[in-house]
Structures are given as structure tokens and as C-alpha cells.
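Written below as C-alpha cells is the structure these notes are about.
The values are calculated or read from the model by the stated rules, or taken from the named source; none is laboratory data. Since we're looking at a predicted model, the values are computed, not measured. Methodologically, a virtual Cβ is constructed for each residue, glycine included, from the backbone with ideal geometry; neighbour enumeration extends over all protein chains shown. The accessibility values were calculated without ligands, DNA or RNA, using every heavy atom of the protein model including side chains. Shrake-Rupley method; radii C 1.70, N 1.55, O 1.52, S 1.80 Å.
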Amino acid sequence: MEQSDVITLIQQELPGLIAQDAQIRDFILRTVSEYYAGKPETESKFDRILAELQRDRDEQARKWDEQARKWDEQNHKWDEQNRKWDEQLVEIRRLDKRFDSTIGALGSRWGLASEASFRNALAGILTESFGVEVLNLTLYDREGDVFGRPDQVELDVIIKNGTTIACEIKSSIDKAGMYSFGRKVDFYVKHEQQEVSRRIVISPMVDRRALPVAEAIGIEIYSYPKSIEDL
């Protein structure tokens, strides 16, 4: 019998023999056991692989949780730093406003003090050396002609031999201030029934936009020329 015939016979008969004869079945299993793992061993290896996969997943999850915790801590630090920066910006703005307010107040007081000092000096010189009467008048405008509502109106006038000069001494003056001075002089003329021969503004800083106004309503300006050009 040829080898091929033997193989064919085995293929035909072996399945039936394995199913019917326990000894043959055991013999076959012992013969192939070194080539193929048995069910218990296969199941054990499978369980080990599953366990290793589970450990890997658990370790990876732990690492992700740890990284997430670090990110949360870092985000918290950033939030805290941003809060501090916001507080610092608020404080800087507060100090800046306070500084501006302080500088503005100092400038305002300096301007008022300078005006009063110059006015007193001019009054003293004109009165004592030239026999000129210098008056600082405070009148009440009941009709609101000057400021649009009833209010006090202050005006400096210089009187010499019946000639009256209205004078405005300001640390700075703009277009609105020029109009205001013109209305104060008009109110004085109306209220006191007194003609004014000259209207004079004395200021080191004059807004150039106030110049056409002064020319239109007949106001003379005495200032530092460069201050007019630079404003």
C-alpha cells in the first residue's frame, strides 16, 4: 500500500475511531499535546494576557489621572496668578486716577494761586504807583445772562480819570473762557450802566481757537506769543 493510500485511509477512518474509541482518542491527544497547548493551558495563558492588559489599562488610567491632577493644579495656579494680575491692574488704575486727580488738583490750586498773586501784585502797583483804582467786583446775575442761570459774576476793573478797563487774569484761557469774559463785561456794562473802554485778557496760555473770538468781540490779549502758537 502506498503512503498516499495510508494517509487517505487515516483521514477517512480516524474521525470515527476518535469518536468511538477512548484509547485512540487519548493516544491522539498525547501525541499532539507537545505541538498544541491544551484547553487549561490555553485558558490560563488567555487569563494572563487579559490580566496584563487590565494592569496596563489601570496603569495608563492612573497616569492620566495624575496628569489631569497636575493640569488642574497648574490651571489653579494660572487662575490665581491672573487674579493677582487683575488686582494689580485695578490698583494701578486706582493709583493712576489718584495721581491724575492729585496733579489736577495741584495744577488747579497753582493756577488759582498764580492768578490771585498776579492780580494782587498788579492792583498794588497800579494803585500805589499810578493812582489807579483797581476793583474786584462780585455782582449777582439774576437773569442768568452770563452763565445761563442766576449766579455770581466776578470781574476785575481798572478805573483812571473816569476811564474803565475790564481785565481778566487767567493761568490759561480757551474759546469758552473768552466768550465768558465777554458776557461778564457786557453784564457789567448793563448792570452798572458804565461804559468800558478796553477789554483785556492777561494769560500765559491762550488756546489759538480763542483768538478769533477775542478779535470778534473786541478783547485785547497779553500773553507769551509762543504759548499761543503751541496750543
Check your understanding: Between L126 and V189, what FRET efficiency follows from the Cβ-Cβ distance if R0 is 35 Å, with the result rounded to 0.05?
Key -> 0.95
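Please calculate how many Å² of accessible area segment 110-223 carries per residue, with a 1.4 Å probe and no DNA, RNA or ligand atoms counted.
Spelled out: the 1.4 Å probe surface of segment 110-223, per residue, equals 59 Å².
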Exercise for review: Give the long-range amide H neighbours of I200: residues separated by 5 or more places, or on another chain, with amide H under 5 Å away, using H modelled in the peptide plane at 1.01 Å from N.
Suggested key: A166, C167, E168, E220
Review point. Rounded to the nearest 0.05, what FRET efficiency is calculated for Q67 and L29 with R0 set to 45 Å and r the Cβ-Cβ distance?
Key: 0.30
Point to revise | Neighbourhood charge, 12 Å Cβ-Cβ cut-off, centred on K77 and excluding it, Lys, Arg +1 and Asp, Glu -1 | key: -1
**Study point:** Among 174-185, 15-26, the order from most to least packed when residues are scored by Cβ within 10 Å on average
**Key:** 174-185, 15-26
Check your understanding: How far is it, in nm, from the label point at T163 to the one at R94 when both lie 7 Å from their Cα along the line to the Cβ?
Key -> 6.0 nm
